[in-house]
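One structure is given here, and the rest of the page talks about it.
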Amino acid sequence: MKFVDEAFIEVYAGDGGNGAASFRREKFIPRGGPDGGDGGRGGSIYLVANCNINTLVDYRFLKIFRAERGENGRGRDQYGRGGDDKVLRVPVGTVVSDAETGETLADLAHHEARAMVAKGGRGGWGNLHYKSSTNRAPRQFQPGEKGEARRLHLELKVLADVGLLGMPNAGKSTLIRAVSAAQPKVADYPFTTLAPNLGVVRVSMDKSFVMADIPGLIEGAAEGAGLGHQFLRHLQRTRLLLHIVDLAPFDPETDPVREARAIVEELRRYDEALYHKPRWLVLNKIDMIASEERDERLANFVQTFGWTGPVYAISALTGNGCAALMQAVSHWLDEHPAEALSLGMENEMENEAEKEDAPVVLTPTPIDAHTSSKLKQGETS
């Protein structure tokens, strides 16, 4: 099934039914008075998150949805039947916004989350409501209200705890294959990954977390180079980013430091909040570097790149260092729950915003001595 993470649809709620202008007419009951009933309400349109759906492909071709109109009122005080609501199922993690104004209407972040996106019109009053001591035979009635109509932008942001980012062929898909049961395509050419992949990393019998792998970025992605940076939206819900760097590129003229800086710049140009999200540096493919020059090469990269946060050296292909990295990630996630991290980042942004021209920088706290700025080799558990 094709992965579709964005769609535009039009929704039309049902109109309310018209009220009736009717009078009671029965034998031996002269001047029976008004008995026109109200119109029924129009059906509304709801979006409901469902964990059994993982793509917006259902809305790729079918784009217009209408709820049922309310019935008109009738005589003998008979009210019109309300129109049936229309329920549209979407994947968990879907963000709904108004396509015309850009206003965010709902963030369906958990199973069975429900949001009304178009409200049905109210049914009109029948002439029964206009009866009074001075108006004994009212002929007024009220038409039903129009239902709401909207053009919606549906945007899927996958739910994951950890996100992988890096250049094409940096080893992101190889890493998620090595630490989880996910089986993304792996090959020796760029842009093998064309859609996000999720994998559940289980570090023990009772501990696990979700990792997201997105297509690779290249310099100029903001201008549309490569696959662009549209898939970065899937990292916005993560708590931690792992920046995967290829230390042994096939092209000897490729500079890993320059490529790493290009990724960071593309991150900043896409979203400041994502740029300031806690980020670790993961140096991959150390198995392709001779053991006698490995330490010096890794240290030179970190120094030239100017990185002071946590650093891990791994080989996703052989598994060297992957277990230690996953254990450290799990420990960090335990110490930084999702709600607490979100609140902390918001407070940090507010405090820094009060300072004139002060940059907003959130530096991930090392877990322990092993995850300090000191570079070290990964250890197998």
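My understanding is that a pair violates if its Cα-Cα distance is over 31 Å; which of LYS86/LYS277; LYS63/LYS146; LYS157/LYS207; LYS86/LYS157; LYS63/LYS157 do that in this structure? Kindly include the intermediate steps, with their values, before the conclusion.
Numbers: LYS86/LYS277 38 Å; LYS63/LYS146 21 Å; LYS157/LYS207 24 Å; LYS86/LYS157 24 Å; LYS63/LYS157 20 Å.
Among LYS86/LYS277; LYS63/LYS146; LYS157/LYS207; LYS86/LYS157; LYS63/LYS157, the Cα-Cα distance tops 31 Å for LYS86/LYS277.
For the ranges 150-163, 115-128, what's the packing order if you count other beta-carbon atoms within 10 Å of each residue, average per peptide, and put the highest first?
So the order, starting with the most tightly packed, is 115-128, 150-163.
How far, in nm, would the chain grow between ARG89 and LYS131 when pulled straight, counting 0.36 nm per residue and subtracting the alpha carbon separation?
Additional length available on full extension: 10.7 nm.
Ignoring ligands, DNA and RNA, what percent of the accessible area of the range 33-136 is carbon or sulfur (1.4 Å)?
46
Considering amide H positions built from the backbone, and no H for Pro or chain starts, which residues 5 or more places from LEU105, or on another chain, come under 5 Å of its amide H?
Distant-sequence amide H within range of LEU105: VAL96, SER97, ASP98.
With a Förster radius of 41 Å, plug the Cβ-Cβ distance of ILE53 and PHE250 into 1/(1 + (r/R0)^6) and report the FRET value to the nearest 0.05.
0.60
Using amide H atoms built 1.01 Å from N in the peptide plane, name the residues 5+ places from ARG279, or on other chains, whose amide H lies under 5 Å from its own.
Counting only residues 5 or more places away or on other chains, the set is LEU241.
Just the accessible area per residue of the range 144-183, please: how many Å² with a 1.4 Å probe?
Solvent-accessible surface per residue comes out at 36 Å².
Take every DSSP beta bridge whose two residues both sit in the range 35-127, then give the antiparallel share in percent to the nearest 5.
About 60 percent, rounded to the nearest 5.
Could you work out how much longer the chain between ASP287 and MET116 gets when fully extended? Use 0.36 nm per residue separation minus the Cα distance between them, nm to one decimal. Please list the in-between numbers first.
Working: separation 171, 0.36 × 171 = 61.56 nm, distance 5.35 nm.
Between ASP287 and MET116, full extension yields 56.2 nm more.
Could you tell me which of rounded, prolate or oblate describes the range 250-337, using a ≥ b ≥ c as the square roots of the eigenvalues of the alpha-carbon gyration tensor, with rounded for a/c under 1.5 and, failing that, prolate when a/b is larger than b/c and oblate otherwise?
oblate
Mind giving me the nanometre distance, one decimal, between the label points for ARG31 and LYS207, set 7 Å out from Cα along Cα→Cβ?
8.6
Can you work out the accessible area per residue across the range 1-114, with the rest of the protein chains kept in place, probe 1.4 Å, in square angstrom?
56
Which ³J(HN,Hα) values in Hz, rounded to whole numbers, follow from the phi angles of the range 70-87 under the Karplus curve 6.51 cos²θ - 1.76 cosθ + 1.60, where θ = phi - 60° and Gly and Pro get x?
x, 6, 6, x, 9, x, 6, 6, 9, 7, x, 6, x, x, 6, 6, 10, 10
The values are calculated or read from the model by the stated rules, or taken from the named source; none is laboratory data. Every value quoted in this text rests on a predicted model; they were computed, and no experiment measured them. Methodologically, a virtual Cβ is constructed for each residue, glycine included, from the backbone with ideal geometry; neighbour enumeration extends over all protein chains shown. To get the accessible areas, we keep the full protein, side chains included, count just its heavy atoms, and leave off ligands, DNA and RNA. Shrake-Rupley method; radii C 1.70, N 1.55, O 1.52, S 1.80 Å.
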